[in-house]
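The structure under discussion appears below in the form of structure tokens.
The values are calculated or read from the model by the stated rules, or taken from the named source; none is laboratory data. As the structure is a prediction and not an experimental result, all values here were calculated from the model. Here the Cβ positions follow ideal geometry from the backbone for every residue, glycine too, while neighbour counts run over all protein chains shown. Remember, those area values only see protein heavy atoms, side chains included, never the ligands or the DNA or RNA. Shrake-Rupley method; radii C 1.70, N 1.55, O 1.52, S 1.80 Å.
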Amino acid sequence: MTTARDLLFVAMDMPSSRTLERGDLSLALAGAELIDLLGLGAATLDGEFVLPTGLLDTADPQLDLAAAAVAPVADGETVEDWLWRRGRGLSDTYVAALEADGLLGREERRRFLVLRTSRMVLADSAGRRRAAHRWAADEPVLLALADAVGISGPPPVPEPRPGPDATVLAGVRHAVAELAAERRRRAHRLDEAHQTSVRRGF
């Protein structure tokens, strides 16, 4: 199991302080992947830049894809560049993988905010219990990733020690804040367009 999958289990099981946006979760999942890649030695950081190490076999299919997606050294990809590129649609990818593994089922009485278009329920599994155990143990990286997307945890959220994990988490928080600001700008433009239409009698 991986930090990204644990984060998805937590996102589906735990309350959120705000509507859990797919884009936010995708960025956090990309951050979780990068933290695992760094821990496994499948990627490394040179300051803010993510560098490949050549290790592509992580024993997890999703992490293997993430390792293969690390840009060549010559491209000079920053942590935030990685989050935006790798994170595109990543929450849907992980949800589909859970469903393919038989860890998600359809249920009419429960709805997860992360799955706006369908009603899904998590099956009991060793992975789900592992994620719950990490959550209950106040595991700093998992709690910080969850906090970045508004999933409620025990305050105060413990901060990982300075190092690669902290660098990635700072990138996740900044990218999520940028995405929230972009949503606000779009909403403002739509509101202005609506008010203009009303004034013109449309």
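Please name whichever of Ala146, Pro160, His133 sits farthest to the positive end of the charge dipole of the stretch 123-171, dipole taken about the Cα centre and charges placed at Cβ: Lys and Arg +1, Asp and Glu -1.
His133
Keeping all protein chains in place and using 1.4 angstrom, which order do Leu20, Leu103 fall into by accessible surface area, from largest down?
Ranked list, largest accessible area first: Leu103, Leu20.
Any idea how far apart Glu159 and Arg185 come out in nm if each label point goes 7 Å out from Cα toward Cβ?
2.8 nm
Nothing charged except the Cβ atoms of Lys and Arg (+1) and of Asp and Glu (-1): what's the magnitude of the dipole of the stretch 49-104 about its Cα centre? Round to the nearest 20 debye.
120 debye
Between the stretch 38-71 and the stretch 86-106, how many Å separate their Cα centres?
21 Å
Viscosity 1.567 mPa s, temperature 4 °C: what is the translational diffusion coefficient of the stretch 33-95 from Stokes-Einstein with a Kirkwood Rh over Cα pairs, rounded to a whole number of µm²/s?
After rounding, the answer is 111 µm²/s.
Where the eigenvalues come from the Cα gyration tensor of the stretch 1-70, what are the semi-axes √(5λ) of the equivalent ellipsoid, largest first, in whole Å?
After scaling each eigenvalue by five and taking roots: 25, 13, 9 Å.
What's the extension gain from Leu56 to Ser152 if we count 0.36 nm per residue and subtract their Cα-Cα distance?
Gain on extension, Leu56 to Ser152, equals 31.2 nm.
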